[in-house]
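Below is one structure, written out as C-alpha cells, with a few remarks after it.
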Amino acid sequence: MTDILHEECGVVGVYNAENASQLAYLGLHALQHRGQEGAGIAAADGSSVRCRKGFGLLAEALSAADLSELSGRNAIGHVRYATAGGREMENVQPLLARAQIGTIAAAHNGQIVNANVLRGELEQQGSIFHCTSDSEIILHLIQRGSGSLLDKIAHACRRMDGAFSFVLITEKNLYAVRDKNGLRPLCLGKLPDGGVCAASESCALDAMGAELVRDVRPGEIVKCSAAGLESVFYTDASRCRLCAMEYIYFSRPDSVLEDVSVHTARKLCGRMLALQDEREGLQADMVVGVPDSSLSAALGYSLQSGLPNELGLVKNRYVGRTFIAPTQQLRDRGVQMKLAANRAVVAGKRIVLLDDSIVRGTTSRRIVRLLRQAGAAEVHMRIAAPQILYPCFYGVDTSQRQELISAQMDERSLCEYLGADSLRFMRVEDLCSACGSPSLCLACFTGRYPTALYNASSI
Ligand code: SF4
C-alpha cells in the first residue's frame, strides 16, 4: 500500500482454555498489523472480569506482570487503530462495564455509522459516557435491552447500523457477534483441548494453535457457555458484504476469509492484470511488487506473464512509529526511509510495478521517482484494485473524497502525475471474481454503500 489506509482494529476471544489471556496475547500478536496505537486484554475466571490495557504495540501495552494478573479460562483482546474517538486511554479496548447483570468486557472492530444518533438518544435517556469511542454505545444499548444477555445483545445489534464485529465476555461466558452485512471479518476456531477461539482473521487462530472452523455469519451471535455453542441470528435481513479491502490490503496473506485465501485472491488479481497486458502486448523485463502487501499480486503477475518477479524495492522493516526524523528535510524523505530501490536489479530495465491501491497518490509518485533515480528505463504501474473514488464509513481511515486522487483525475492525468509510462487498475468485476465472491462491500470503488449513511457530508 503506497498511500496508507488504516484498518480500525483487530479482536480475539478465547473460551474455556488454560491460560486464556496468554493465548489471546498470541492471537493479538498475529493481528498487530490491524492496529498499533493501543492493545488490551480482559480475562474472566468464573467470578470476576479483569482488564489490562496500554498504548502502543502489544509488547509495549502489556507486560508479563499484566498477563499474570489476567487469570481465568476465558479472555478477549483488542489491538487498536483509532478512527472513531480520540487517542485517550479510555478509548483503548476492551471496554469494561459493571452493571446489575454482572461485569461485561467488549472488544469491537468496525464503525457504527449511526453512533451520533444513538449516543444523543442514550444521553437523553440518562446515559453517561466514559469515552468518545463509538464502541461504548454497544455496552449502553445492551444495558437498556430486556431479557437474557443474549436478548439484550440482539436488541443492541438491531439498533446499530454499520460495521461491528465484536467479542464480549462476562464472568462465565463469551459471545462473538457480526453485523448483518458482515462488513468486518470474524471467524471461529477450535482448540485441541476443546476450547473455542474467535478472531478477526484466521492467522490469529493459527497463532493460538486453533483450527479454523468457520466464519461467524453476518447477523449472527455465537454464545459459548457451559451448555456448548449456541447460534442466534438477530435479524433475517442479513447478507454478506465483507470489505473488499480485507482481500486487497488489510488482512494478512496467510488468512482465509469466507473460505478464500487472501494470498490466492491477491495472486489472482495479479494474474488478471497480466492477462490484460498480454492482450495489449505490453513489453517489459520484470515485475516488481511494492512490499509487503503487493508481493502476492506481483507473484501472480509473474506466473501469468512469465516475467521474472524481482526484488526491485527493499523495505526497511525497522522504520516504525517510533522513527524520529530530526529535520523537515528528513521527514520529507519519508518514503526513502521505508523503501529503497535496488539499483543493481532495476537499472536499465522495463519494470511492471505492482501495487495494491492508490489513495492520495503522493507515495506512488515517490516510488516511481525512486525507481527512475535508480535507472529504471520504464515504469508501468499496475494496481491490484479498482480506483478508490469514495470514502469509507465502516472503520477504515480513508480520505475525504477531494483527497482521493482517482476521484480528482482520470487515468491518463494520474499516470502523468505519477510519472509512470503507463497505469492500469483492475475492473470491479475482475476483483470480485479474484475474491471468489460477488458478496463484497465495494463502496469505495462504486459509491454503493451497503447501509444508510448518517453523515455523508464528505462523499
Ligand atoms: S467502503 Fe471500501 S474500505 Fe470501507 S468497508 Fe467498503 S470496501 Fe471496505
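The values are calculated or read from the model by the stated rules, or taken from the named source; none is laboratory data. As the structure is a computational prediction, the values presented were derived from the model and not from experiment. Virtual Cβ from ideal backbone geometry, glycine too; neighbours counted across all protein chains shown.
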Cβ-Cβ distance below 7 Å, separation of 6 or more or different chains: which pairs start in the range 245-258 with a residue that is outside the structural domain of Gly300 (by TED's automatic domain parsing) and end on one that is among the aliphatic types (A, V, I, L, M) and assigned to a loop (DSSP other than H, G, I, E, B)?
Met245/Leu5; Ile248/Ala384; Ile248/Ala385; Tyr249/Met1; Tyr249/Leu5
Quick test for you: out of Gly40, Gly27, pick the one residue that is in contact with a Lys or Arg (Cβ under 6 Å, 6 or more places away or on another chain) and at pLDDT 95 or above.
Gly40
Of the criteria (1) surrounded by fewer than 21 Cβ atoms within 10 Å (Cβ to Cβ); (2) out of contact with any helix residue (DSSP H, G or I) (no Cβ under 7 Å at 6 or more places or on another chain); (3) of a type outside the set (Phe, Trp, Tyr), which one Glu220 fails:
(1)
For residues in the range 26-56 being part of a loop (DSSP other than H, G, I, E, B) and among the charged types (D, E, K, R), which is surrounded by the most Cβ atoms within 10 Å (Cβ to Cβ)?
Glu37
On the given criteria, is Tyr449 among the aromatic types (Phe, Trp, Tyr) and away from the ligand (no atom under 16 Å from the Cβ)?
no
Scanning the range 227-242 residue by residue, those closer than 17 Å to Ser437 by Cα, more than 12 Å from the ligand (Cβ to nearest atom) and not polar (S, T, N, Q) turn out to be Arg239, Cys240
Being away from the ligand (no atom under 16 Å from the Cβ) and either hydrophobic (A, V, I, L, M, F, W, C) or outside the structural domain of Leu354 (by TED's automatic domain parsing) (or both) is the filter here; which residues of the range 406-425 pass it?
Met409, Leu414, Cys415, Leu418, Ala420, Leu423
Can you tell me which residue is farthest from the ligand (Cβ to nearest atom) among those in the range 342-364 that are at pLDDT 95 or above and assigned to a helix (DSSP H, G or I)?
Ala344
Quick count over the range 375-404, residues being surrounded by 20 or more Cβ atoms within 10 Å (Cβ to Cβ) and either more than 16 Å from the ligand (Cβ to nearest atom) or of a type in the set (Asp, Glu) (or both), is 5
Might you let me know whether the range 362-382 holds any residue that is more than 11 Å from Gly419 (Cα to Cα), touching a Phe, Trp or Tyr at 6+ places or on another chain (Cβ under 6 Å) and in contact (Cβ under 8 Å) with a residue 24 or more places away in the chain?
no
Of all the residues that make up the range 178-220, how many are of a type in the set (D, E, K, R) and outside any strand (DSSP E or B)?
7
Residue under question is Arg241, and the condition is that it be basic (Lys, Arg), at pLDDT 95 or above and surrounded by fewer than 20 Cβ atoms within 10 Å (Cβ to Cβ); does it hold?
no
Complete set of residues in the range 430-446 that are part of a helix (DSSP H, G or I) and away from the ligand (no atom under 12 Å from the Cβ):
Asp430, Ser433, Ala434
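This table checks each residue for (1) within 17 Å of the chain's Cα centre (by Cα); (2) crowded, with 24+ Cβ neighbours inside 10 Å; (3) of a type in the set (Lys, Arg).
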{"position": "Ala154", "(1), (2), (3)": "no, no, no"}
{"position": "Asp161", "(1), (2), (3)": "no, no, no"}
{"position": "Leu168", "(1), (2), (3)": "no, yes, no"}
{"position": "Lys172", "(1), (2), (3)": "no, no, yes"}
{"position": "Arg178", "(1), (2), (3)": "yes, yes, yes"}
{"position": "Asn181", "(1), (2), (3)": "yes, yes, no"}
{"position": "Pro185", "(1), (2), (3)": "yes, yes, no"}
{"position": "Lys190", "(1), (2), (3)": "no, no, yes"}
{"position": "Asp193", "(1), (2), (3)": "no, no, no"}
Can you confirm whether Arg159 is modelled with pLDDT of 95 or more, within 16 Å of the ligand (Cβ to nearest atom) and assigned by TED's automatic domain parsing to the domain that holds Ala106?
no
For residues that are closer than 21 Å to Ser47 by Cβ, touching a residue at least 12 places away in the same chain (Cβ under 8 Å) and surrounded by fewer than 24 Cβ atoms within 10 Å (Cβ to Cβ), tally how many sit in the range 88-133.
6
Collect the residues in the range 243-273 that are more than 18 Å from Val290 (Cα to Cα), out of contact with any helix residue (DSSP H, G or I) (no Cβ under 7 Å at 6 or more places or on another chain) and more than 16 Å from the ligand (Cβ to nearest atom), keeping them in residue-number order.
Asp259, Ser261
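Every residue, every condition in (1) in contact with a Leu (Cβ under 6 Å, 6 or more places away or on another chain); (2) part of a helix (DSSP H, G or I); (3) of a type in the set (S, T, N, Q); (4) within 22 Å of Lys180 (Cβ to Cβ), yes or no:
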residue: Cys240; (1), (2), (3), (4): no, no, no, yes
residue: Ile248; (1), (2), (3), (4): no, yes, no, no
residue: Thr264; (1), (2), (3), (4): no, yes, yes, no
residue: Lys267; (1), (2), (3), (4): yes, yes, no, no
residue: Glu278; (1), (2), (3), (4): no, yes, no, no
